[in-house]
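Notes to accompany the following structure.
The values are calculated or read from the model by the stated rules, or taken from the named source; none is laboratory data. Computed from a predicted model, the values in this text were never measured in an experiment. Because the Cβ atoms are built from the backbone with ideal geometry, glycine has one as well, and the counts that use them run over all protein chains shown. Keep in mind that these areas ignore ligands, DNA and RNA; they rest on the heavy atoms of the full protein, side chains included. Shrake-Rupley method; radii C 1.70, N 1.55, O 1.52, S 1.80 Å.
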Amino acid sequence: MGAAYEEVAVADGGVVSGVVRFVGTAPKLEPIAVNKNRDVCGDKKPSEALVIGPGGGVKGSVILIEGVTRGKKARGDVVIDNHNCLFVSHVSAAMAGDRVRVRNSDAVLHNTHGFLGKPTVFNLALPNRGQMIDITKRLAKPGAVHVLCDAHPHMFGWLVVHDSPYVAVTDEHGAFRIDGVPPGTWKVTMWHEGFRAKGVDKDGRPAYDEPRAVTKEITLAPKGAASVEFELK
């Protein structure tokens, strides 16, 4: 990690917005069988590895503006909720240092386990409904954290940790908007978790291909607006 991020007033900040769209024929992802607590969780859950909305917009892509070392104040407050035996939201994003908590909204034990590559960054037993654990201090390093439930192999999600607050997750239309961006030329990266089904792993978890990332360059005038579109295929 480079120099620490410095919060400054961005008087002439602009807006970077855009959309992520799926191009071509999307694969049909099979629902995932539930092997435990079916009375609470149900028999199967939809796969959220690829969620395409109206007009082909891709929900749950992460947009990161790279290399901003001085800029707006971080205001992130993320809750990853174990809700109806799914992670809500399936994809979250935060700056390292933002408040991040994990909650259990279900009346069953969940064990939320985050991996940054191979190493574990958090491993939380949440036996009680309404329980919440703060993991802010465990997310010091940027990267894509794969979030699993050790009690339920059908559950998976992602938490992308960035080195600045200039990060966003696309909505159900595939759209994003990041404000307070200092003027200049920036690299903007679209990250997606990967969606082509690869069967199941040794623990019976659904497996997909590797996450993918596409980077484009934008130039933002003082108080300007820049639009950037990404394609996923």
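With respect to the conditions (1) touching a residue at least 40 places away in the same chain (Cβ under 8 Å); (2) surrounded by 21 or more Cβ atoms within 10 Å (Cβ to Cβ); (3) within 20 Å of Gly60 (Cβ to Cβ), Val145 lacks only one, and its number is (1). If you check Lys45, Lys28 for being in contact with a Pro (Cβ under 9 Å, 6 or more places away or on another chain) and under 28 Å from Asp150 (Cα atoms), only one passes: Lys45. Taking the criterion of being under 21 Å from Leu86 (Cβ atoms), among the small types (Gly, Ala, Ser), within 20 Å of the chain's Cα centre (by Cα) and part of a loop (DSSP other than H, G, I, E, B), the only residue of the stretch 99-141 that qualifies is Ser105. Among the residues of the stretch 24-43, none qualifies, meaning not one is open to solvent by 20 Å² or more (accessible area, probe 1.4 Å) and within 27 Å of Pro165 (Cβ to Cβ).
Scanning the stretch 94-114 for residues that are hydrophobic (A, V, I, L, M, F, W, C) and open to solvent by less than 50 Å² (accessible area, probe 1.4 Å) turns up Ala94, Met95, Ala96, Val100, Val102, Val108.
To keep it simple, each residue is scored yes or no on (1) farther than 30 Å from Pro183 by Cβ; (2) out of contact with any Pro (no Cβ under 9 Å at 6 or more places or on another chain); (3) modelled with pLDDT of 95 or more.
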{"site": "Ala3", "(1), (2), (3)": "no, yes, no"}
{"site": "Asp12", "(1), (2), (3)": "no, no, yes"}
{"site": "Arg21", "(1), (2), (3)": "no, yes, yes"}
{"site": "Asn37", "(1), (2), (3)": "yes, yes, yes"}
{"site": "Val58", "(1), (2), (3)": "no, yes, yes"}
{"site": "Ser61", "(1), (2), (3)": "no, yes, yes"}
{"site": "Gly71", "(1), (2), (3)": "no, no, yes"}
{"site": "Ile80", "(1), (2), (3)": "yes, yes, yes"}
{"site": "Phe87", "(1), (2), (3)": "yes, yes, yes"}
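Among the residues of the stretch 44-69, those identified as buried (at least 16 other Cβ atoms within 10 Å of the Cβ) and in a strand (DSSP E or B) are Lys45, Val51, Ile52, Gly57, Val58, Lys59, Val62, Ile63, Leu64, Ile65.
When the stretch 187-204 is filtered for residues that are over 19 Å from Phe22 (Cβ atoms) and either hydrophobic (A, V, I, L, M, F, W, C) or part of a loop (DSSP other than H, G, I, E, B) (or both), the ones remaining, listed by number, are Val200, Asp201, Lys202, Asp203, Gly204. Among the residues making up the stretch 160-186, those that are open to solvent by 50 Å² or more (accessible area, probe 1.4 Å) and either outside any strand (DSSP E or B) or farther than 20 Å from Val91 by Cβ (or both) are Asp163, Asp171, Glu172, His173, Asp179, Thr185.
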